[in-house]
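Working notes, beginning with the structure itself.
Please treat every number below as a calculation from the coordinates, not as lab data. Values in this document were obtained by computation on a predicted structure and should not be read as measured data. Backbone-built Cβ (ideal geometry, glycine too); neighbour counts: all protein chains shown.
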Amino acid sequence: MASKSSEYYKKNPEARKKKNSYNKKYHATPERRKYRSELNKENRRRGTYGNGDGKDVSHKKGGGTTIERAKTNRARQGAGGKAKKK
């Protein structure tokens with residue numbers, strides 16, 4: 001079953017276009033690129049980058065990182081869309 005938001009964007013192509021435009025700009029910012037770069041570097045260092053094991057480097061509350069399932073890591077969002085670190 002698809003989420004409410006995915007159903008909404010399927011039915012509203014203009015809204016989807018606007019959202020994709022925003023996301024493209026947001027993820028191209030220096031902060032996001034640096035963030036992504038650091039995660040990729042850590043994944044490579046730990047030997048989990050690109051090997052198909054389904055693992056991901058996840059941020060912890062204290063600022064450190066740990067390895068966990070990519071599905072669990074990427075699905076973690078708190079109430080109201082606030083990120084909740086482990």
Task: Selection from the range 9-43 of residues that are among the polar types (S, T, N, Q) and either touching a Leu at 6+ places or on another chain (Cβ under 8 Å) or under 20 Å from H59 (Cβ atoms) (or both) - done: T29, S37, N40, N43
Open item on the list: With of a type outside the set (V, I, T), within 15 Å of the chain's Cα centre (by Cα) and loosely packed, with under 11 Cβ neighbours inside 10 Å as the only criterion, which of S37, S58 stands out?
Closed with: S37
